Amino acid sequence: MDENTMNNLDLYQLAVQHPLSEAFFLSRAYEELNDFQQASILREDFCGSAAVSLAWVMTDPDRHAVAIDTDAATLAFAREQIDNQPDQVGRNVKLICEDVRRVAPPAVSHAHIIASLNFSTLIFKTEAQILDYFRRCLKHLTPGGIFVMDLFGGPGSKQVGIANRQIELDDDQTITYHWEQRSYNPRSQDIDCRIHFTMPNNTVRRDAFVYDWRLWEVPQLLSLMRQAGFAKREVWGEQIMPDGQSSGQFEPLDQLPDSKDWVVYLIGQKH
Ligand SMILES: C[S@@+](CC[C@H](N)C(=O)[O-])C[C@H]1O[C@@H](n2cnc3c(N)ncnc32)[C@H](O)[C@@H]1O
């Protein structure tokens, strides 16, 4: 395969996604909050390539996933990837092209877990929008079900600049992933983030992905989850060990990480 012709979704998967770890994390969080009962139905909102849904069903044939996104071309890419798996492992993934605020049973069944990952919840910029979304998620969870979203923060998250990371390919070629924080407005919390890639032949895919987000703070989101009716709200992150290294395992935190940049999961549980 000529890496220079890979499409942006392939590059995104290589650069930022760890679907098996995410699926493992989701099941562990559900079990810990539900006396070790297991979740079987995942709803993946803003699913993009639906990689987490695929990982979810691949790890257990009794699991089902519903993956939702508004972008038909992205869902066509997801469908192709799922259908290309051996032994029809993706047969338990259902893709729905719709706004996450419009889906409802019977098109989607009540889920044990609703996940909104890769910071997708940040597209909602007003309290009214996010409350409406949280309330809809709560309504479509089973009792004890959990809503999981990720969030980045820390002083570094508000600084304008570009972080670069090299991605080594199997044939010793290299792609560079560039994460740009182009602007941040502390009053509105609006943040403009972009992903660019430099390909092995040095061509640059500028603005491969562009995100117009509101960088909500943890207390704001926890308060909105409470207003929406989530019985329990938790923040999960990596513990920092006495030697300054992170534990590599996400667990409930009493306080936010004391680092320049952090990523946490916010989890809301239904009664
Ligand atoms: C940040 S990407 C996340 C992709 C995905 N979580 C992943 O890891 O590949 C956001 C995705 O949300 C989709 N999207 C944006 N607004 C949406 C909405 N209201 N309902 C459903 N999908 C939406 C976009 O098409 C895009 O694929």
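Every number here is computed from the coordinates shown, using simple stated rules; none is lab data. Bear in mind the structure is a predicted one, so any value in this text is a computation, not a measurement. Backbone-built Cβ (ideal geometry, glycine too); neighbour counts: all protein chains shown.
Give me P(r) over segment 155-214, computed from all C-alpha to C-alpha distances, binned every 10 Å, as integer percentages.
Per 10 Å bin, starting at zero, the Cα-Cα P(r) for segment 155-214 comes out as 22, 44, 24, 9, 1 percent.
Pairs of lysines 8 or more apart, or on different chains, with alpha carbons under 27 Å: count those in the chain, would you?
Lysine pairs, 8 or more places apart or on different chains, close enough: 11.
For Gln173 and Lys139, compute 0.36 nm times the residue count separating them, minus their Cα-Cα distance, and round to one decimal in nm.
Here the answer is 7.5 nm.
List, in order, the whole-Hz ³J(HN,Hα) value for each residue of segment 2-15 obtained from phi through the Karplus relation with A = 6.51, B = -1.76, C = 1.60 and θ = phi - 60°; use x for Gly and Pro.
So the J values, rounded to whole Hz, are 8, 4, 5, 9, 4, 7, 4, 6, 4, 5, 4, 4, 5, 7.
What value, in deg cm²/dmol to 500, does the helix sum -39500 (n - 2.57) over DSSP H runs of n ≥ 4 give at 222 nm once divided by the residues of the chain?
Rounded to the nearest 500, the figure is -7500 deg cm²/dmol.
Stretched out fully, how many nm does the piece from Ser183 to Thr70 gain, at 0.36 nm a residue minus the Cα gap?
Extra length available between Ser183 and Thr70 comes to 38.1 nm.
Rounded to the nearest 5, what % of the DSSP beta bridges within the chain are antiparallel ones?
Bridges in the chain are about 70 percent antiparallel.
Give the separation of the Cα centroids, segment 144-204 to segment 9-69, in Å.
Spelled out, the Cα-based centre of one part sits 22 Å from the other.
Please list 63-70, 124-131, 36-43 highest first by mean number of surrounding beta-carbon atoms within 10 Å per residue.
Descending mean neighbour count gives 63-70, 36-43, 124-131.
Just order 99-110, 222-233 by mean Cβ neighbour count inside 10 Å, highest at the front, would you?
Values: 99-110: 13.4, 222-233: 17.2.
Top of the packing list down: 222-233, 99-110.
Order these peptides, 138-145, 157-164, by their mean beta-carbon neighbour count within 10 angstrom, highest first.
Answer by packing, highest mean first, reads 138-145, 157-164.
Each residue of segment 250-256 in turn: what ³J(HN,Hα) in whole Hz from Karplus with 6.51, -1.76, 1.60 and θ = phi - 60°, glycine and Pro shown as x?
7, 8, x, 10, 8, 9, 6
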